[in-house]
Structure formats: C-alpha cells, structure tokens
Amino acid sequence: MDLSNFSYQKFVNFALQETKLRTALAPLPSHEKFRLLRSKDNNAVLRTLSFCAPKIRLVRSLTVEGNRAMQVLDFAVFPEPEFDLPIFCANFFTNASLSIVVLDLNPLYDVTIHTDYKEKYYRKLLPLGKKYFELLPWGGNITAESLRFFSPILIWTRFNSSQFKHDVLYSAFMDYFKAWLALMDEAVKETSACHIHQNREAQHKYLTWRAEKDPGHPILKKLVGENLAKELVWRFLFDGVDSLGAKTFLDYFPEYKCDSGTINQKRSVMGKSYETRPWDLNGEFVGNHSG
Ligand code: BLA
C-alpha cells in the first residue's frame, strides 16, 4: 500500500472532536517540549497532543509520520483515579506491507479474576466487539503477560496494509472511542478512599508495565535516540508512572527479577501464547497458556 497519502491524524482529530462535544479539554503545558520532534535521520516526524478534563487525568496521542515508510498511532485515555473506568488504548503500527493493531478498552482490573468488573463494563460492549472480530481477526501469539491488561473486546490483529482494512479500522476506532465516552458520561465519582487508592494503584501498575515493556520502545529509540525516547515514554506516553505510586516494576512483576536484582530485559518471561482468541463470544475466558 502506498502510505504517502495515509495518516493516523484523522483518528486523533475524530477522538478530540468527539471529546470536546462532551467535556472541556485543557492542554498540558508540561508536555510542550514533546509537541513536535524530528527523527535523527530526518525521515520521520513525531507529533504529540495531550489534555486533561473532568474525569480524565490524561488524554494523549503520539503519531509518527514516516512518509512512505511508516505510520504509527499511540492514543490513550487515562481516567482520574476517582473512576474505575477502563483505559482507552489504540496502538497502530503500519508500514507499506504490514499493520499491527491493538485496540481495546483496557480493563483497570484483570477481568479473568475480577468478574464483577468484567460484568460492569464489558457485558454491554460484547456486541460491539463481535462486529469486528471477523474483519479484524485475532493476530496470533502475544506476550502472555499482556493478557491481564486486555479485555474480552480486544481487537488484536495484523494485516497486509490496505485502504479497505484501514477503513474498517477507522470505523472500529470510532465505535470503540464513542463507547468509551459513553462509559465516561455515566461514570460516578468514587468517594471511598480505599477504592480510589486501588484505582490509582491499578493504573500505576498498568503505566509501570507499559513504560518498561511496550513493544514500540525499540522503534522510538531508533527514531529519536535512547535518552529522548526514554523521556517520551516516562514523561509523556505513560506520564504518571513517577507520580501515581511509589512501587517499582519489580514490586508489581517480581518474576522479572534477575539474580543480580535487575529487571530481566526480555519483554516476556512466560513467553508468547494465545494463538487464538482466548475469549468466546460471551466474553468467557477460554484461553490456556501453553509455554
Ligand atoms: C507488536 N504491540 C505488539 C504486540 C502487542 C502490542 C500485543 C504483539 C507482540 C507482543 O505481544 O509482544 C501492543 N502490548 C501492546 C499494548 C499493550 C501490551 C498496547 O501489553 C498494553 C497493555 N507499537 C506501538 C508503537 C510502535 C509499535 C508506538 O504502540 C512503534 C513506534 C510497534 N508493536 C510494534 C511493532 C510490533 C508490535 C513493530 C511487532 C514487533 C514485536 O512483536 O516486538
């Protein structure tokens, strides 16, 4: 597919316009330095946007526009800790031949354990997922550790880049984002200090996972260098990883501890797993982790 006319910018524009219809977005000046970055080889431009709003701690986007070579979107919405809302997550990587897609309302609590949380948010959303599971089929083995951050309506897919598939993806993105906004509209502020603390810690665990192990990091490093990539990841993409909690990656994920006490650099210690979709159409978990 010729990527010269293709951009994920319209996804971001749609999401921000929809959000503005419902709430007031305030820009975050602390992210100003990340607004426009150029790759070291001058072949790609990285753009970011970020805002907060009532109920929304952070809505932020990163696009990488590498002309014909690569187009990337990392778009996420993180709720205030007073809300146990899912985290909106759209991570799309596209080059001329291949697209790698994760689109989900990431649960704040592992839905294989917290079935009440699954019922609360995903029961009603299953028909929406079903609409896309055939056109955007399961993409094969994933890092097994990631599963706890995914929901029964996860769209995880890989396809040969084509205009048709990207039109389907745009449609799915719009539907999923509108579904997230509807959840936000209905969300009632938590008042129990204990629940707020749990929400904050669950979000911090999520941020800690992604700041350490997100599959996009190697490409960001290649584009802008190790130091700037690290800053982009820690202070922008997963902003809050330094402020929402004091626990470390190894506190949350002790299985990554090496004998020397450092973090295992492998992305996965369990290995890749889940060759097929590990939820059935009723959202029941049917996966079994094998190696
Ligand atoms: C691959 N990205 C993947 C895969 C997943 C994700 C599940 C498949 C491989 C794997 O499971 O490790 C995404 N994983 C996630 C997300 C969560 C998670 C969203 O745990 C959330 C909890 N992807 C990006 C960006 C780039 C990118 C910004 O988001 C590039 C700048 C690239 N993702 C990318 C590439 C691959 C990939 C190149 C394939 C290479 C690989 O598998 O390591």
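With just the Cα atoms defining each centre, how far is region 80-142 from region 154-168? Give it in Å.
Cα centroid of region 80-142 versus Cα centroid of region 154-168: 15 Å apart.
Go ahead and estimate [θ] at 222 nm for the chain from helices alone: -39,500 (n - 2.57) per DSSP H run with n ≥ 4, summed, over the residue count, rounded to 500.
Result for the chain: -10000 deg cm²/dmol, rounded to the nearest 500.
Put a dot 7 Å past each Cα toward the Cβ at Asn43 and Asn282; how far apart are the dots in nm?
Reported label-point gap for Asn282 and Asn43 is 5.1 nm.
Can you give me the convex hull volume of the Cα atoms of the chain, divided per residue and expressed in Å³?
133 Å³
Given a cut-off of 23 Å, name the pairs among Lys165/Lys266; Lys20/Lys222; Lys120/Lys213; Lys178/Lys230; Lys213/Lys247; Lys55/Lys124 whose C-alpha atoms lie farther apart than that in the structure shown.
Over 23 Å apart, Cα to Cα: Lys165/Lys266; Lys20/Lys222; Lys120/Lys213; Lys178/Lys230.
At R0 = 22 Å, how high is the FRET efficiency between Asp110 and Ala182 if r is their beta carbon distance? Nearest 0.05 is fine.
Computed FRET efficiency for Asp110 and Ala182: 0.40.
Once you've got the GNM for the chain with C-alpha springs shorter than 10 Å, pick whichever of Cys52, Cys89, Cys194 has the biggest mean-square fluctuation.
For the chain, modelled as a Gaussian network with Cα springs under 10 Å, the answer is Cys194.
What's the extension gain from Lys10 to Ala193 if we count 0.36 nm per residue and subtract their Cα-Cα distance?
Length gained between Lys10 and Ala193: 62.0 nm.
What full-extension length gain, to one decimal in nm, is calculated for Glu231 and Asn95 as 0.36 nm per residue of separation minus the Cα-Cα distance?
46.5 nm
To the nearest 10 square angstrom, how much accessible area does Asp185 have with a 1.4 angstrom probe?
Answer for Asp185: close to 80 Å² accessible.
The values are calculated or read from the model by the stated rules, or taken from the named source; none is laboratory data. Please read all numbers here as calculations on a predicted model, not as lab measurements. Every residue, glycine as well, gets a Cβ built from its backbone with ideal geometry; the counts of neighbours run over all protein chains shown. Side chains are part of the model used for accessible areas, which takes the heavy atoms of the whole protein and leaves out ligands, DNA and RNA. Shrake-Rupley method; radii C 1.70, N 1.55, O 1.52, S 1.80 Å.
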